[in-house]
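Here's the structure we're looking at; comments come further down.
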Amino acid sequence: MKASILVVEDNEDLCKTIADVMKREGYFVKTAASGEEALARLEKGLIDLVLLDIKLPRKSGLEVLARIRELQPELLVIMITALTDARPAVEALKSGAYDYLLKPFELDELKLVVAKALETHRLKLEVARLKEQQRKRFPDSGLYGDS
């Protein structure tokens, strides 16, 4: 099953372009033009990845990221910024963003970063599933082996 992506971008043309590219890649895509709208969409449905602009009206992308971390700590967030100052992007990474893209970015770069993030997330889920399976199989958590 393909992943669900939320694109949070106040530039309508860029938002539509990103959404169209992600749909062509086979992802389910929702969009939001503000931080408030993004948080409301996150409450309504299952989202696997958020593409989040740092500079949004009223509530900054960093504020939205902080709220996402409170609500869904494991949710993947890739920040998008046109700022030439790297500090907000570094702050976003320190706050739990998976990665960031600098505008203007190539659409192939976007596709690659999204695919890499989703694959990393899938692998983390698989490791967690295997650990749980192992824990159920050996509940005492001691070492077991044949000699």
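The values are calculated or read from the model by the stated rules, or taken from the named source; none is laboratory data. Because the structure is a prediction, the values reported are computed rather than measured. Cβ atoms come from the backbone with ideal geometry, glycine included; neighbour counts cover every protein chain shown. Ligands, DNA and RNA are stripped out before the accessible areas are found, and what is left, the full protein with its side chains, is counted by its heavy atoms. Shrake-Rupley method; radii C 1.70, N 1.55, O 1.52, S 1.80 Å.
For this structure, a couple of remarks:
- Share antiparallel - DSSP beta bridges, the chain, percent rounded to 5: 0
- Under 12 Å, Cβ to Cβ, from R129 - net charge with Lys/Arg +1 and Asp/Glu -1: +3
- Counting only protein chain heavy atoms and rolling a 1.4 Å probe, the accessible areas of L102, L83 rank, largest first, as L102, L83.
- Amide H within-cut-off set for Y100, under 5 Å, with H built and near neighbours excluded: M79
- Helix 61-71 axis, angle to the chain major axis (alpha carbon atoms, nearest 10°): 30
- Nearest-ten-degree value, helix 35-44 long axis tilted from longest Cα axis of the chain: 40
- Within the accessible area of the chain (1.4 Å probe), percent carbon and sulfur: 53
- Charge context of L93, other residues only, Cβ under 13 angstrom, K/R +1, D/E -1: +1
- Residue-normalised accessible area of the chain, given per residue in Å² at a 1.4 Å probe: 63
- In Å², nearest 10: area of V77 left accessible to a 1.4 Å probe: 0
- Cα centroid separation, the stretch 19-67 to the stretch 81-137: 14 Å.
- Shown in residue order for the stretch 4-19 are the 3J(HN,Hα) couplings computed by the Karplus curve 6.51 cos²θ - 1.76 cosθ + 1.60 at θ = phi - 60°: 9, 10, 10, 9, 10, 8, 7, 7, 4, 5, 5, 4, 5, 4, 4, 4 Hz (x for Gly and Pro).
- Surface calculation, 1.4 Å probe, protein heavy atoms: E12 sits at approximately 150 Å² accessible.
- Scattering curve values for the stretch 57-142, log₁₀ I(q)/I(0), Debye with Cα scatterers, q = 0.12, 0.14, 0.22 Å⁻¹: -0.49, -0.62, -1.10
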